[in-house]
1. Does any residue of the range 142-157 turn out to be open to solvent by less than 40 Å² (accessible area, probe 1.4 Å), more than 25 Å from residue 63 (Cα to Cα) and in a helix (DSSP H, G or I)?
2. Exactly one of these conditions fails for residue 81: (1) at pLDDT 90 or above; (2) under 23 Å from residue 294 (Cβ atoms). Give me its number.
3. Being modelled with pLDDT of 95 or more, under 17 Å from residue 180 (Cα atoms), among the hydroxyl-bearing types (Ser, Thr, Tyr) and surrounded by 17 or more Cβ atoms within 10 Å (Cβ to Cβ), is that true of even one residue in the range 84-105?
4. Quick one: residue 75 ticks every box in (1) closer than 16 Å to residue 282 by Cβ; (2) open to solvent by 20 Å² or more (accessible area, probe 1.4 Å); (3) touching a helix residue (DSSP H, G or I) at 6+ places or on another chain (Cβ under 6 Å) bar one, so which box is it?
5. Within the set of pairs 6+ apart or on separate chains, which have a first residue in the range 119-135 that is more than 14 Å from residue 244 (Cα to Cα) and modelled with pLDDT of 90 or more, a second that is of a type outside the set (Ser, Thr, Tyr) and open to solvent by 40 Å² or more (accessible area, probe 1.4 Å), and C-beta atoms under 8 Å apart?
6. On the basis of being more than 28 Å from residue 227 (Cα to Cα), within 14 Å of the chain's Cα centre (by Cα) and at pLDDT 90 or above, does residue 109 make the cut?
7. Give me the residue from the range 169-194 that is in a helix (DSSP H, G or I) and touching a strand residue (DSSP E or B) at 6+ places or on another chain (Cβ under 8 Å) and, out of that set, modelled with the lowest pLDDT.
8. Only one of 114, 69, 61 is open to solvent by less than 10 Å² (accessible area, probe 1.4 Å) and closer than 22 Å to residue 298 by Cα; which?
Amino acid sequence: MNMSEANRVTEFILLTFPCSREVQILLFLLFCVSYILTLMGNGAILCAVKVDHRLHTPMYLLLANFSFLEICYINTTVPNMLTNFLSESKTISFTACFLQFYFFFSLGTAETFLLPLMAFDRYLAICWPLQYPTIMNSRLCINLVVLCWVTAFLCYPVPIYFITQLPFCGPNIIDHFVCDPGPLLALSCIPAPGIELSCSLLSSFIIFITFFFILASYMLVLRAVFRVPSGAGRRKAFSTCGSHLVVVSLFYGTIMVMYINPNSGNPAGTQKIVTLIYSSVTPLVNPLIYSLRNKDMKAALRKIQMCTKISQN
């Protein structure tokens, strides 16, 4: 069988969550509300940072960029998932599937780069407070953010290109709600251990390097915090870093389960739940984690709320 004969699949079927029609509608409503709340929460943080000039600092610029990333991230999966809940066919074209794969992984990689950058910012602010304004100025912050985005979007084009060249001759059913490398590689007509290994090594390298960078940053932060003589100063430092650590734990805990070995044989139900946590739940709770634990952010959000009420009156 040559390549042109084998590569007959022109679309895939994303099963999403197979269940009765009534449950599908219930899930549609649940995820639709979650999606709207995610957009509103992260959008509120973007507006707060833009409107309040007191938040025009590297820490909040990074947070605004992170919120924008979460908005983009959730838009790669949830709209299609919502469509599938109401659709009978649940199909996605070959090209659209791999485009989703590319943007989903590129944005996820951008998050693994932004989280260490946020940890580095907190390290500089706490361990080098006097030099911090000079070192982490707005120009350096913007350059580092641009570097994160550009590098993230350059990581996966080559692996994805090689996966697209595999023969997909059927079946074309993906028991997932997103085009993920594990289920896609399982549908190939021929084994591709080299591609599986390269995807696994690339994912492992990105995940562990960035994770250990975050751990190293916070070990240095903790050492500096315990040297602070004031109890109030220690509490403030822990409060500032605590939000970030919660987000790191949620995100890295789930992606380590999924992508160290993309075809490790995890049950389909486990894959869906774990993917759902870092692709939908984490973007939903991030605004709550950051806004509820940050006085400046809460003040800025109240300011926006007051301005909105005044304009409506």
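1. No, every residue in the range 142-157 fails to be open to solvent by less than 40 Å² (accessible area, probe 1.4 Å), more than 25 Å from residue 63 (Cα to Cα) and in a helix (DSSP H, G or I).
2. Residue 81 satisfies all of (1) at pLDDT 90 or above; (2) under 23 Å from residue 294 (Cβ atoms) except (2).
3. Yes, that holds for at least one residue.
4. Among (1) closer than 16 Å to residue 282 by Cβ; (2) open to solvent by 20 Å² or more (accessible area, probe 1.4 Å); (3) touching a helix residue (DSSP H, G or I) at 6+ places or on another chain (Cβ under 6 Å), residue 75 violates only (3).
5. Every condition considered, the pairs that remain are 124/131; 124/135; 135/128.
6. Here the answer is yes, as residue 109 does meet what is asked.
7. 183
8. Details: 114 fails: closer than 22 Å to residue 298 by Cα; 61 fails: open to solvent by less than 10 Å² (accessible area, probe 1.4 Å).
Just a single option satisfies the conditions, and that option is 69.
The values are calculated or read from the model by the stated rules, or taken from the named source; none is laboratory data. Given the structure is predicted, the values throughout are model-derived calculations rather than measurements. Cβ: placed from backbone, ideal geometry, glycine included. Neighbour counts: every protein chain shown. Heads up: the accessible areas ignore ligands, DNA and RNA and are worked out on the full protein's heavy atoms, side chains in. Shrake-Rupley method; radii C 1.70, N 1.55, O 1.52, S 1.80 Å.
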